[in-house]
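What follows is a single structure, written as structure tokens, with notes after it.
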Amino acid sequence: MKAIIGNPARKEQFYKRPDVRKDILEALSSNENLLISAPRRVGKTSILFNLIDDPDENIYAVYVNTEGVDDPDYFFYQILRAILNVDQLESFGKFSREVKNLLNEWANRVSDINLGPIGVKVNPIEKKTCFEQLLDFLTKIKLDGKTILLMVDEFPLTIEHIHAKHGEDIVSLFLDKNRVLRQTPEFNHKIKFIYTGSIGLFTAVKRINCTDRVNDLKEIRIKQLRKAEAKDFVKNLLNDKITNEIDDSIIEYILSKIELWIPFYFQLIVKEIAEMVIYEERELDNQTIDLAFEKVVENGNIYFEHFKSRLLKVFKDSKQLLFVQQFLINLQQKESYGRNETIDLSNKLGVFDSVEDIIDVLKHDGYIVETDGSFSFYSPILKKWWR
């Protein structure tokens, strides 16, 4: 297993998490639509891709990232296009020839949709919106007992973009339409949804008073690796680069340095350890691990700058952004930062009414964690780098 830092880990590079996969498949078999919650860099996308790369016999899994979508009908066009992607259908390989032929016919119809400069324009012969075509497709298609699993990444950001561009009425209608897709008895056995994103869905819909539109979703939380998994993961990463026998105390020390046992941070430190052992001929010991930790922090602009730039996208209100920036700086300078101090800061900077939503976003997005009423950085590496 190699250290994969930039892109989602797939196939033989993916560290399997059978308990998470089992939870997902059991929930789907119980006719649930899902919200998968986890902070950034926990590996949500890799877990979703595993459902494509190692498909269940009766589940045709399709992934679509809608982060940049700000038009409701374009969203539904993206869904149709993803479902009917010819390469995806061939890769799945479990549909009968008859079903594949029907899906290919629908794919040709979707290719006739004209994407105009303002939005989505359908073929004038059809005179249907993309949402209506999606309803038509789901109503008429026969899948021989198989189910389409549509995995929508960054759905909360899509909601915020549509709200910002079109207003509350349009985004509310958009959420209604998504609920129709999940709840219509004529076809809800043919399609199931997994929504995910690095900011909280419930926070996004709460801001626009639409929590009732998503109260049918079952939430599955992805947590950090358990200790046995973390040790196994680190050992696999080290063994890919270092052939010498690795003492268990070395792995234990790496776990103690990282604290937060998610693949991303292990991959960062193992990369630095391997380079020092191989190219600098250092011993694999605690001192080398300490130096690797410092190297990760030194290279933080490569690994963590997106954490800062993302704040500019998420917090467009200048007062909220100023609060977040000051809050994280305060957090970096202390072991922890109490809830009372946080409330005082929100009063001072004029964001008291929205502070709970702001904190919720920072939690979901992998910046902070709350323990017994005090906040701290989610990762000690991220904390040491933050400035």
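Could you pull out every residue, at least 5 positions away or on a different chain, whose amide H is within less than 5 Å of the one on residue 219? Hs are placed 1.01 Å off N in the peptide plane, and Pro or chain starts have none.
Close amide H contacts, sequence-distant or interchain: 35.
Output wanted: per-residue J couplings in Hz (rounded whole) for region 169-179, from phi through Karplus 6.51 cos²θ - 1.76 cosθ + 1.60, θ = phi - 60°, x for Gly and Pro.
4, 5, 5, 5, 5, 4, 5, 4, 5, 5, 5
Only Cα pairs under 8 Å and at least 6 apart count here; give the relative contact order of region 227-306 as a rounded whole percent.
Reported relative contact order: 30 percent.
Enter the Cα centre distance for the pair region 178-256 and region 1-70, rounded to the nearest angstrom.
Rounded to whole Å, the Cα centres lie 8 Å apart.
Which value, in debye to the nearest 20, gives the size of the charge dipole of the chain about its Cα centre, when Lys and Arg are +1 and Asp and Glu are -1 at the Cβ?
With only Lys, Arg, Asp and Glu charged at Cβ, the dipole is about 680 debye.
For region 212-222, take each phi angle, set θ = phi - 60°, evaluate the Karplus expression 6.51 cos²θ - 1.76 cosθ + 1.60, and give the result in whole Hz per residue in order, putting x for glycine and proline.
Once rounded to whole Hz, the list reads 5, 6, 10, 6, 8, 7, 8, 8, 10, 9, 9.
For residue 148, what residues show an amide H to amide H distance below 5 Å, using hydrogens built from the backbone and excluding near sequence neighbours?
HN-HN under 5 Å from residue 148: 60, 191, 192.
Could you work out [θ]222 nm for the chain from helices alone, using -39500 (n - 2.57) per DSSP H run of at least four and dividing by all its residues? Round to the nearest 500 deg cm²/dmol.
-17000 deg cm²/dmol
List the residues, sorted by chain then number, that are 5 or more residues from residue 63 or on another chain and whose placed amide H is less than 5 Å from its amide H.
For residue 63, the qualifying residues are 151.
I'd like to know which of 5, 69, 382 lies farthest towards the positive end of the charge dipole of the chain, counting +1 on Cβ of Lys and Arg and -1 on Cβ of Asp and Glu.
Highest projection toward the positive end goes to 69.
Would you work out the Kirkwood radius for the chain? I mean one over the mean of 1/r across all pairs of different Cα atoms, in Å.
23.0
What pairs from 165/206; 128/206; 223/348; 22/190; 295/334 go past 25 Å between their alpha carbons?
Checking Cα-Cα distances, 128/206; 223/348 exceed 25 Å.
Kindly write out, for region 249-262 in residue order, the coupling ³J(HN,Hα) from the Karplus curve 6.51 cos²θ - 1.76 cosθ + 1.60 (θ = phi - 60°), rounded to whole Hz, with x marking Gly and Pro.
Result, rounded to whole Hz: 5, 5, 5, 4, 5, 4, 4, 5, 6, 6, 6, 9, 8, 10.
Find how many whole Å separate the alpha carbon centroid of region 260-318 from the alpha carbon centroid of region 335-382.
So the separation of the two Cα centres works out to 23 Å.
Values quoted throughout were computed directly from the atomic coordinates according to the rules given, and no laboratory measurement underlies them. The structure displayed is predicted, hence computed values, not measured ones. Positions of Cβ are generated from backbone atoms using ideal geometry, with glycine treated the same way; all protein chains shown enter the neighbour counts.
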